[in-house]
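Shown below is the structure under consideration.
The numbers here are math on the coordinates, done by the rules we state, and not lab data. Keep in mind it's a predicted model, so treat the numbers as computed, not measured. For neighbour counting, all protein chains shown are included, and Cβ atoms are generated from backbone atoms with ideal geometry for every residue, glycine included.
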Amino acid sequence: MPDSATTHPYHAFQGLFRREQLATGEYQLARRHDAPAAMADPTGRMLKIATVDAGATAICPACASTARGAFVSFVQDLRMAYACPSCTSVVWLPGV
Ligand SMILES: [Zn+2]
């Protein structure tokens, strides 16, 4: 994914999340208080956010590290996005 988004955490998360370092050295994501209500999918289409589950421990599909990332679900779209605090990728997951 040669995407400038992956190198700039703010843009990678589209302003949705802040990356925080814990005392253990791990990173976790917290939702920003001024987070937008929509997120662009890989084609640039804006999707309205339904729910955000931040701070959940998960294995990142992109970098395979275990981290406290955030899952985002959308209104009228079955996909989910996982935001990884380790590699700052946003990985799109097919809906179930
Ligand atoms: Zn990752």
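Name the long-range amide H neighbours of Ala38: under 5 Å, sequence gap of 5 or more, or other chain; modelled H, no Pro or chain starts.
Correct list: Ile49.
Give me, ordered by chain and number, the residues 5 or more places off Arg79 or on other chains with an amide H under 5 Å from its own placed amide H.
Those qualifying (amide H under 5 Å, at least 5 residues apart or on another chain) are Gly95.
Here is a further query. Ranked by Cβ crowding within 10 angstrom, fewest neighbours first, how are Arg31, Arg79 ordered?
Numbers: Arg31 18, Arg79 15.
With the fewest neighbours first, Arg31, Arg79 line up as Arg79, Arg31.
Right, something else. About its Cα centre, how strong a charge dipole does the range 4-93 have in debye, to the nearest 20, once Lys and Arg get +1 and Asp and Glu get -1 at the Cβ? Let's see the in-between values first.
On the way: 8 positive and 6 negative charges, 21 e Å.
Around 100 debye, computed over the range 4-93.
I need Phe71, Phe13 ordered by Cβ neighbour count within 10 Å, fewest first. Mind dumping the intermediate values first?
Working: Phe71 15, Phe13 26.
Ascending number of Cβ neighbours within 10 Å: Phe71, Phe13.
If you take the Cα atoms of the chain, find Rg, then find the Kirkwood Rh from the mean of 1/r over all pairs, what is Rg/Rh?
Values: Rg = 12.4 Å, Rh = 13.3 Å.
Ratio of gyration radius to Kirkwood radius: 0.93.
For Met46, Met39, Met80, which order do you get if you count the other beta carbons within 10 Å of each Cβ and list the fewest first? Don't skip to the answer; put the middle values down first.
On the way: Met46 13, Met39 21, Met80 18.
Least crowded to most crowded, the residues run Met46, Met80, Met39.
Got a sec? Charge dipole of the chain, +1 on Cβ for Lys and Arg, -1 for Asp and Glu; which of His33, Ala54, Ala83 is way out at the positive end?
Looking along the dipole axis, the top candidate is His33.
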